[in-house]
Amino acid sequence: MRVNLAILIFALTLVATLAVSYLGRRHEARKRGGALAGQGLNRWLVGLSAGATANSGFVVTAAVGLGYSFGARWLLLPLGWLAGDVLFWIVFPQRINRAGAEARATTLTDVVVNGLPARPKRVLQALIGSITLVCLGGYVSAQWVSGQKFLMGAFGIGSVVSLLVFAAVIVIYSSLGGFRGSVYADTLQAIIRIVGTLIAGTAVWIVAARDPAAFWANLQAAGPDFLALVPTDGALAALASSAGFAAAALGFGLGQPQIVTRYLAGASPRETQQAWWIYMLFVQSTWLAMTIFGVALRGVMPGLTDPEMGLSAFHREMTGPIVTGIIAADIFATIAATSNGILVAMAQTLTVDLWRPRLASETAHRDLWVPTAILGAGTMIMSLSLHSTVKDLALSSVGIMGAGLAPAMIIRVLRWRYVPDALLWVVLSGFATATLWMYFGYDDIINEAAPGICVGLAVNALLARSWSRTAIAE
């Protein structure tokens, strides 16, 4: 009876998600033109949908696991990310919205290639589209693994069945809703995430209060630095790591198509900019809360074999069926919001940037159900053979993609001087630098987005200066 009630509550969430996705489809069908600027999203839809898409399965699996395994030091990740988010929101979202309206953009690539001559435009479209599909393929695979762990932990379902069921549900409603359906579903899921965060945080401390002596003994057994924000022997490394995460946040905001499309679809630059406090409050409160939950969980349930399943495992064992069902809905909503946004962004990239880049994308974003279904099935099959953790899959995909695409977005959105042919080398150099940085293991010191973005911008400066000197000499 307990499991059946939890499943019923979870099922109601699925029904509500499908309903709002369909509603988004109906509203999108009445829109004129294909540019995302025509979607006219208000600040709440921009902020909550972008925040829910950014949250990802990382927050309810990896953040919990990192807090559980390593302690309070992993609070530096969201805090470092906050620094990058502050810089991003001060400078970029309203400019992205304005640039998107000028370019009549449907994808991030449309902003970068707007106004370029035909040859470099086609080459850059193909390059950015390819990087997007590869990196987002890895990122959405991380979400499938998160969903697999969620269903295994919440309901005890087998690993392969868990993955297939979770991915299939999201592929279906992503195909149904299109872009606006994705925004509506993300907004609903953000509200569920807020409720779930409050319940989870309250529940773990109630359980801890039942036997405080055992709780504190378990935390002390985790190590002398477990509750230290900055380890006594690693202050410099912690500072470098935080700086790297700040760069990753900047790259994330500029180089993740599933996020950028929300800013492109804002009703106006001013309305888009005013979503800043909604976005940052949502992302930071939920991320910090889940890391703290992981730390507290170490005191309540020491010895978990897979800490990334900690949130669902805790509620399955420690709370009643109603709370378990709500938390199951919360975890599903968090992972699904990102998976949904990524699939739609991949479908837009495939349809607009790669499949028919020479055509105006007046209706391209309406015809996404076939590529969404194909891409969803492909990444689902690929994830069956993956053995990496959610943390490794998510952070590597985010860092490499941000390193490759963020420099080009900075140059175009801020209207810096550039050479059309040189933008190709800007993207390649950022992408290659981040990849090599990871290959040699330096990402353990500082996130690969930081050197990738710096090298990409440096390459543009050097090539633009060289071109200017050549023009003067001629």
*Please list the helices of the chain that count as membrane-span-like by this rule: a mean Kyte-Doolittle hydropathy of at least 0.5 together with Cα atoms stretching 27 Å or more along the helix axis, each helix being a complete DSSP H run.*
2-29, 118-155, 159-210, 235-255, 276-300, 321-348, 390-413, 449-473
*Under 5 Å, built H, 5+ apart or other chain: amide partners of G266*: L41
*Could you state the orientation-averaged shadow area of the convex hull built on the Cα atoms of the chain, in nm² to one decimal?*
21.8
*Between D225 and R465, 0.36 nm times their residue separation minus their Cα-Cα distance comes to what?*
81.5 nm
*asked:* Could you check the spin-label model distance between I374 and V123? Points 7 Å from the Cα along Cα→Cβ, value in nm.
replied: 2.7
*Hey, could you pull the Cα Rg and Dmax for segment 68-152, both in Å?*
18.2, 52
*asked:* Just to be sure I understand the curve: with the Debye formula and one point per C-alpha of segment 58-206, what is log10 I(q)/I(0) at q = 0.13, 0.21 Å⁻¹?
replied: -0.93, -1.48
*Rg in Å to one decimal, and Dmax rounded to a whole Å, for segment 1-136 via C-alpha atoms*: 19.9, 65
*Okay, which of segment 51-91 sit inside 14 Å, backbone N to the point 7 Å along the Cα-Cβ direction of D306?*
61-62, 65
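Arranged from highest to lowest average of other beta-carbon atoms within 10 Å per residue, in what order do the peptides 302-315, 40-53 appear?
Going from most to least packed, we get 40-53, 302-315.
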*Using a basic spin-label model with each label point 7 Å from the Cα along Cα→Cβ, how many nm lie between A458 and I7?*
5.7
*Expressed in nm², what is the orientationally averaged projection area of the convex hull enclosing the Cα positions of segment 188-269?*
8.8
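Quick check on the chain: helices-only [θ] at 222 nm, where DSSP H runs of length 4 and up contribute -39,500 (n - 2.57) each and the sum goes over total residues. Nearest 500, please.
Details: 19 runs with 362 residues, N = 474.
Computed ellipticity for the chain at 222 nm equals -26000 deg cm²/dmol.
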*Can you tell me which of 257-270, 109-122 comes out highest on packing, and rank the rest after it, using the mean Cβ neighbours within 10 Å?*
257-270, 109-122
*Quote the FRET efficiency, to the nearest 0.05, computed for W355 versus L236 with a Förster distance R0 of 45 Å and r equal to the Cβ-Cβ distance.*
0.40
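Laboratory data are not the source of any read-out in this text; all were calculated from the coordinates shown. Given the structure is predicted, the values throughout are model-derived calculations rather than measurements. Virtual Cβ from ideal backbone geometry, glycine too; neighbours counted across all protein chains shown.
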